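J.: Starting off with a structure, shown below.
The values are calculated or read from the model by the stated rules, or taken from the named source; none is laboratory data. The structure displayed is predicted, hence computed values, not measured ones. FYI the Cβ positions are ideal-geometry reconstructions off the backbone, even for glycines, and counts take in every protein chain you see. Just so you know, the surface numbers come from the protein's heavy atoms only, side chains and all, with ligands and any DNA or RNA stripped out. Shrake-Rupley method; radii C 1.70, N 1.55, O 1.52, S 1.80 Å.
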Amino acid sequence: MGIQTHFNKFHNKIKLDRKDDAYRKARERDDSIKTQVKTAFREAGYPVVDEFIQGSLNTRTGIVPISGDYDIDRALVIDDEKAPENPVTPKKKALDVLENRGFKNAKIKKPCVTADYARDNVHIDFVIYKRSGDQYYLAVGKKNSDEDNREWSFADPLGLMEWISDFSDYYDDEAADVRNQFRRLVRYLKRWRDEQFSDIVATKVYSIGLTVMIKEQFQVSFSTEGARQDLQALRETVGAILDAGYFTEEQAGRYRVHVYLPVEPWRDIFDGSSLDTGTQLYNKLKSLKQKLAEAEELSDERKQCEILNNLFGDDFGVPDPPKEGSNTEKEKYSSAGIVTSSVGA
Amino acid sequence: MIKTATSVAGDCMYCFEGYGRRVIVNDEVAEVWHEHRQTVVTACESFGVLMGTTSVDRREIWIEAVTTPMPRDRHSRFSFALRDPGHQRAVCRKFTSSDGRAIYLGTWHTHPEPVPKPSCIDRSDWVTCLRANRGRPLAFVLVGTKEVRVFVRSRGRFRPLQRRCKSDGFN
C-alpha cells in the first residue's frame, strides 16, 4: 500500500458532490426559498430568466465543511431590459423575502444577499445578475450604498466555471485523469486551509483564490505506468504557486497576495486583503511545501501519514503501528510535573 | 473483549487518537473510572490526576495510573477542588520509581451526564494545568455515565480525541 492509497481514502472522506445526502437537505432549503424570491422578482416586473448553481459544487471541487455549514451559491439572472437601474433594488427585494420568512441574520453584502438556516447548517448566497445577450452584469452594492458604490458590474460567471474545468490543452485520453487530479488538489488545499488557519482568517483565504492559483500553476504528476502521484503533484504545485509572483513583500517578511480573476472583470480576488492574511498564507504555504517534501523523502508509510495528518487533519488517517510498536522508547523527563490545585464542574 | 495482545502498559482497554496524538489507557485506570461513574443521583464528582509515560516524540502517552479523591479535597455532585498534597506526592513517587519516565499527565473527573462536555471552569482549569507544565503532552479526561472522553489542546482549543478499542483493530 503506497501513500497514494491514503490520499485516495482522504479524498473520499472530504469530497462533497451534488448527489451527496448531506448536500440534498441544503438543496431542498434552497429550492423553497428560491421559488419565493423568483415570485417576488416577477411581481416586481423583472422575472428571472435563468438560474444556476455557481461555485465549487458546479466545478466539482467542493469539500465536506469541518464547521458543518453547507454553502450554496445560487445565481439568479434577470433580463437587462427589465432590470431596475439600481442594482441594489432586486437585492433589497430578495432581502424582504428572507426577512418575511423570519431570517434574522439575512443581509445584503457587496456581491450577494446571504441567509443562514442555522438549524440546518445551511448558508445560501443569492447572487444576482442581469444579462444582455451573452454579457452578464453582477449586482454590486450594499443596502445603503450611494451611486458611487453600486453598479451593475461586468462579470462572466459561466466563463469562470468553464475556465476552471477546461483541460483541453491535454490529449483527450488523459484530460479526464488530469482534471480529476486538479480537483483533488483543490480539495486537499481547501481542507488544509480549514485546518491550519483560525476560523476568521480561513474565511479570508478565499476558495476561488486558491482554485485559480492551483489551476494556473498546476503541476500534474502520474507515474510512467499512469498511477496517481498526488503527493508529488501537490508539492510541486504549491512550490509553483510560491514562485509565481502572487505574493509581494511590502515590508520585511510581510506579504500581500494578489490573484486576478482569469475572466471578466479580471479583478483582484484578494482586493482589500490585509498584509496579515497574505503573510499567513505565504508562510503556511511555505511550511506546507516543506512538510510535503519531508513526507516524500520518508519510506515509512506511517510516518508519512503522521505528517499529512498534521497538515490535513484527522480525515487523513494514520494506520495502526505494528505490534512491536508498543515497545516504543519512552521519554525521560527532568521533573515529575506540577499538580495544580485543580477545580472542575 | 478478547485480550489478545499486550502493550507496555499492560492490557489496554482504551485508545484515543487525533490531532497527531495517541492516548492509551491501561485496564486498571479504566476500571477506576468505571467504578467512579456518577450513575447514582447522589454520587459526588470524582477526580484525580493522570500519571504515566510518553514516547520520545511525546505524541503517544500511556496513562498507567491515576489518583482518586483524598481527605483534604472538596467535592459535591457538580464540582470539586483538588487540594490534597497527596496527589503531588503520588506523582513524585511514580517519577522516582520509573527512573524519570512516569510523570504528571493531566487530570480526570466525572460528570453526571452520559456524554460529558467540558464546562468553562474545566477549560480554564486545564489551561492552568498546561501553563504550570509547559512542553508536557497533557491530556484531560472526562468520565460520563456512558462515555469516557479525552481532550487535548490543539491549535488553541481543547479537542476531543476519537476513541478506538481493540475490537476496532487496535493492537
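J.: Is it the case that residue A:86 is open to solvent by 60 Å² or more (accessible area, probe 1.4 Å) and polar (S, T, N, Q)?
T.: So residue A:86 does not fit the description; no.
J.: Hey, does segment B:106-128 have a residue that's more than 7 Å from every other protein chain (Cβ to nearest Cβ), surrounded by fewer than 16 Cβ atoms within 10 Å (Cβ to Cβ), of a type outside the set (A, V, I, L, M) and farther than 21 Å from residue B:147 by Cβ?
T.: Yes, there is a match, as at least one residue in segment B:106-128 is more than 7 Å from every other protein chain (Cβ to nearest Cβ), surrounded by fewer than 16 Cβ atoms within 10 Å (Cβ to Cβ), of a type outside the set (A, V, I, L, M) and farther than 21 Å from residue B:147 by Cβ.
J.: Out of the residues in segment A:27-49 that are assigned to a helix (DSSP H, G or I) and hydroxyl-bearing (Ser, Thr, Tyr), state the one that is surrounded by the most Cβ atoms within 10 Å (Cβ to Cβ).
T.: A:39
J.: How about segment A:321-345: which of its residues are in a loop (DSSP other than H, G, I, E, B), buried (at least 17 other Cβ atoms within 10 Å of the Cβ) and modelled with pLDDT of 75 or more?
T.: If the condition is that a residue be in a loop (DSSP other than H, G, I, E, B), buried (at least 17 other Cβ atoms within 10 Å of the Cβ) and modelled with pLDDT of 75 or more, then A:331, A:333, A:336, A:337, A:339, A:340, A:342 are the ones that fit.
J.: So which residues in segment A:192-227 are of a type outside the set (A, V, I, L, M) and touching a Lys or Arg at 6+ places or on another chain (Cβ under 9 Å)?
T.: If the condition is that a residue be of a type outside the set (A, V, I, L, M) and touching a Lys or Arg at 6+ places or on another chain (Cβ under 9 Å), then A:192, A:193, A:195, A:196, A:197, A:198, A:207, A:211, A:219, A:221, A:222 are the ones that fit.
J.: Listed residues A:34, A:9; which is farther than 20 Å from residue A:164 by Cβ and not assigned by TED's automatic domain parsing to the domain that holds residue A:142?
T.: Just one listed residue meets the conditions, A:9.
J.: Then there is this: For the structure I just gave you, tell me whether residue A:291 is open to solvent by 50 Å² or more (accessible area, probe 1.4 Å), within 14 Å of chain B (Cβ to nearest Cβ), over 30 Å from residue A:6 (Cβ atoms) and not acidic (Asp, Glu).
T.: On the way: open to solvent by 50 Å² or more (accessible area, probe 1.4 Å): yes; within 14 Å of chain B (Cβ to nearest Cβ): yes; over 30 Å from residue A:6 (Cβ atoms): no; not acidic (Asp, Glu): yes.
It is false that residue A:291 is open to solvent by 50 Å² or more (accessible area, probe 1.4 Å), within 14 Å of chain B (Cβ to nearest Cβ), over 30 Å from residue A:6 (Cβ atoms) and not acidic (Asp, Glu).
J.: Which one of the conditions (1) within 14 Å of the chain's Cα centre (by Cα); (2) surrounded by fewer than 23 Cβ atoms within 10 Å (Cβ to Cβ) does residue B:132 fail to meet, given that it meets all the rest?
T.: Among (1) within 14 Å of the chain's Cα centre (by Cα); (2) surrounded by fewer than 23 Cβ atoms within 10 Å (Cβ to Cβ), the lone unmet condition for residue B:132 is (1).
J.: Quick one: would you say residue B:135 is assigned to a loop (DSSP other than H, G, I, E, B), farther than 13 Å from residue B:48 by Cβ and more than 9 Å from every other protein chain (Cβ to nearest Cβ)?
T.: Yes.
J.: Something else now. Going by the structure shown, is residue A:52 buried (at least 17 other Cβ atoms within 10 Å of the Cβ) and within 17 Å of residue A:131 (Cβ to Cβ)?
T.: So residue A:52 does not fit the description; no.
J.: Mind listing whichever residues of segment A:196-232 are closer than 14 Å to residue A:288 by Cβ and part of a loop (DSSP other than H, G, I, E, B)?
T.: A:197, A:205
J.: Residue B:32 - would you say it is within 9 Å of chain A (Cβ to nearest Cβ) and free of Cβ contacts under 8 Å to residues at least 60 places away in the same chain?
T.: In short, no.
J.: Would segment A:253-271 turn up any residue that is in a helix (DSSP H, G or I) and either open to solvent by less than 20 Å² (accessible area, probe 1.4 Å) or within 8 Å of another protein chain (Cβ to nearest Cβ) (or both)? Let's see the steps before the verdict.
T.: Applying the first criterion (in a helix (DSSP H, G or I)) to segment A:253-271 yields none.
Checking segment A:253-271: not a single residue is in a helix (DSSP H, G or I) and either open to solvent by less than 20 Å² (accessible area, probe 1.4 Å) or within 8 Å of another protein chain (Cβ to nearest Cβ) (or both).
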